[in-house]
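Enquirer: Encoded as structure tokens, here's the structure I'll be asking about.
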Amino acid sequence: MNSASADVTDATNVTAAGALMDSELSSLADVKALDQSVIAGAAPNFATTNMTDATNKRFMTDAQESKLDAIEASATADQTDAEIRAAVEAATDSNVFTDADHTKLNAIEASADVTDATNVTAAGALMDSELTSIADVKALDQSVISGASPTFGTANFTDASNKRLMTDAQETKLDSVESNADVTDATNVTAAGALMDSELTSIADVKALDQSVISGSSPTFGTANMTDASNKRFMTDAQESKLDGIEASATADQTAAQILTAVKTVDGASSGLDADKLDGQEGTYYRIAVYNAAGSLLN
């Protein structure tokens with residue numbers, strides 16, 4: 001029974017009839033021009049016009065396609081040695097074994113063990129068993145070889161304040177100090193050219209000394225302890241010698257009377273003065289000789 005306004009060309013009816021609408025075809029003209037079967041199992045003939053190289057071309061079987069799919073891109077059956085070597089080197093986890101590698105391998109002893117004591121020692125290394133504390137060696141983070149300048153904490157010093165390592169010069173100096181050395185004993189003080197406190201009459205005065213008083217120096221002193229502090233100063237050696245040559249109580253401004261009085265105190269025989277002479281002659285020079293009748297000198 002036909003429905004009202006039935007249309008056998010609408011999409012629903014066409015699809016239901018097992019046909020295709022024109023709008024479903026990419027190229028209606030090519031479909032209309034089709035003159036051979038191209039369904040599965042058919043053997044259509046095609047020209048080679050659109051093939052890159054039209055010579056000796058044909059369709060492949062499923063087996064041939066599977067074989068082609070298994071061959072990698074750019075595969076070749078006539079690679080040179082260099083190409084093969086390069087391909088091996090390029091592979092993951094794969095390297096070419098060279099003649100040098102072969103020579104090196106031949107030089108390695110059978111069952112070689114690079115960790116045995118002999119090999120470790122020959123390599124200039126230490127076995128773990130040779131270390132007193134492998135943990136400390138592994139933790140080492142600075143150079144401690146000769147000439148290095150390592151930095152250490154003071155945790156293990158008896159007194160950690162102001163402690164450091166000493167130089168060779170400092171060690172040599174320390175070695176030259178006697179055990180239990182006491183720089184304040186009399187022997188060491190004397191050897192150093194110093195004085196013990198006990199050798200000083202007044203240690204307070206020595207400690208208070210603020211100027212040089214050695215031979216040749218020119219110290220300045222106050223006059224507080226001088227009998228007469230006015231116009232006093234120290235004398236030179238020459239001045240002292242001059243003073244020593246002047247007799248006690250000597251004066252340069254005596255009067256004539258003073259001088260006469262002084263002369264009188266030393267006048268007399270053997271005094272060296274000629275105050276009892278006249279013109280240099282003794283008094284007896286001017287005496288009148290008186291003789292007696294016998295001719296004897298009476299006076």
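Enquirer: What's the FRET efficiency of L105 with A73 using the Cβ-Cβ distance as r and R₀ = 45 Å, to the nearest 0.05?
Expert: Values: r = 36 Å, r/R0 = 0.80.
Efficiency at R0 = 45 Å is approximately 0.80.
Enquirer: While we're on this one: Summing Lys, Arg as +1 and Asp, Glu as -1, what charge do residues with Cβ under 15 Å from the Cβ of E89 carry, E89 excluded?
Expert: Numbers: positive: R85; negative: D81, E83, D93, D101.
Value of the local net charge: -3.
Enquirer: As an exercise, use a Förster radius of 45 Å and the Cβ-Cβ distance of Q211 and T265 to find the FRET efficiency, rounded to the nearest 0.05.
Expert: Numbers: r = 49 Å, r/R0 = 1.09.
Approximately 0.35, to the nearest 0.05.
Enquirer: Now, a different point. For A248 and T284 in one chain, what is 0.36 nm times their gap in residues minus the Cα-Cα distance, to one decimal in nm? Intermediate results must be reported in sequence, preceding the final value.
Expert: On the way: separation 36, 0.36 × 36 = 12.96 nm, distance 3.86 nm.
Taking A248 through T284 to full extension adds about 9.1 nm, to one decimal.
Enquirer: Evaluate the distance, in nm, between pseudo-label points positioned 7 Å from the Cα of L131 and of A17 along their respective Cα→Cβ axes.
Expert: My value for the distance between the label points is 9.4 nm.
Enquirer: Something else about it: Positive end of the charge dipole of the stretch 180-245 (Lys, Arg +1 and Asp, Glu -1 on Cβ, about the Cα centre): tell me which of S212, S202, A192 has its Cα farthest that way.
Expert: Among S212, S202, A192, the one farthest towards the positive end of the dipole of the stretch 180-245 is S212.
Enquirer: Whole-Hz Karplus ³J(HN,Hα) for the stretch 186-203, in order, using 6.51 cos²θ - 1.76 cosθ + 1.60 and θ = phi - 60°, x for Gly and Pro?
Expert: 4, 4, 5, 5, 5, 4, 7, x, 10, 10, 6, 4, 5, 7, 9, 5, 9, 5
Any read-out appearing in this document is the output of simple, stated calculations on the displayed coordinates, not a laboratory observation. Keep in mind that this is a model prediction, so the values were computed, not measured. Glycine also receives a Cβ, built like all others from the backbone with ideal geometry; neighbour counts cover every protein chain displayed.
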